[in-house]
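Where a number appears in this text, it was derived from the coordinates with a stated rule and is not lab data. These numbers come from a predicted model, not from an experiment. Backbone-built Cβ (ideal geometry, glycine too); neighbour counts: all protein chains shown.
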Amino acid sequence: MSRSRPADHACFPTAGKLPLVLGAAAVSLTLVGCSYLPESLGGSAAEGGAEEHTEETGQTQEAPHDPADAESSIRTAVEHVETADDYETFVRLEHESGDPFKARGGRQRYTSTPEEVVYSQLGGEGMLNAVYYANSEHTLWAIGDGLLAEAAEPTPADEFMADSAVGAAGLSQILATSTDLVHGGEGEVEVDLDYPARNEDGSHDSAQETLPAHSYRGTFTSTVPEFVASGDAYALELAEYPDSPFTLWLDEEGAPVLLEHTSGEYTHSRIFVSVNEGLELTMPAPGDPANP
């Protein structure tokens, strides 16, 4: 999948919210792929997917993609991201009040070359900004423009943000929890492939592109990280929202383009900017700035 690249800038349900109080610490855990996302329980995205075995030759052949098969299409979309050599997504969160200064955003990047590195960020206007870097040895974490450091006790929110498959989390959650998934048909979707700085009035400039795609709709149990007030600080927690309505757009090859869902007070728009386009990431060291 190849689309325009933006300029640089800035799980499972839990019984209750487990806070990470944002302070001077970070996370120490191993980058283990899909360990904290729904797709990783009970098998990989490829199970029951778009491959079939040919008895005569003993070879595995890829079956044609059928966009009308909603479940298989979502499974293929998950596989596109989870098996990619690299990917980049970003998400915008618009508040139900329409107040642009309550909007939030984030970005997720992953590469497997020359080593596995994941970058994950979530923040908003006037709010704290959480930044994660993770590789096979450890995870570094920081707040705002602070310095990256390791923390001793990762929370579910930390593990979610530092998972190499964080970009596919919403897709995996749909596959695991949606019971009313349907194919909405073929059409076109407009996606904003840039993530510019906010204007003084709180608005964003637009860099939209129109793409042919298939839509899929339904409801699912959405699990998302949120900033929550915790005394004099903030905590990053996982929040669960059952029956979240969603619309997902996949391109003609079954790769994800845009996932929109409403969970709690926010409408989430996740744009899949690139997959397998040679994205490069360098793992920083403890003490390096979070936003160099």
When D66, D86 are arranged by how many other beta-carbons sit within 10 Å of their Cβ, fewest first, they go D66, D86
Would you please give the residues with an amide H less than 5 Å from that of H138, counting only those at least 5 places away or on a separate chain, with H modeled from the backbone geometry? L31
Rounded, prolate or oblate: which fits segment 243-292 when a ≥ b ≥ c are the square roots of the eigenvalues of the alpha-carbon gyration tensor, with rounded for a/c under 1.5 and prolate only if a/b beats b/c? oblate
Return the loop-located GluC sites (Glu not before Pro) in segment 120-192 (DSSP other than H, G, I, E, B) with at most 13 other Cβ atoms within 10 Å of their own Cβ; answer none if there are none. E125, E137
In nm, the gap between the two label points placed 7 Å beyond Cα toward Cβ at E253 and E277 is 1.2 nm
In nm, the gap between the two label points placed 7 Å beyond Cα toward Cβ at A233 and L128 is 0.6 nm
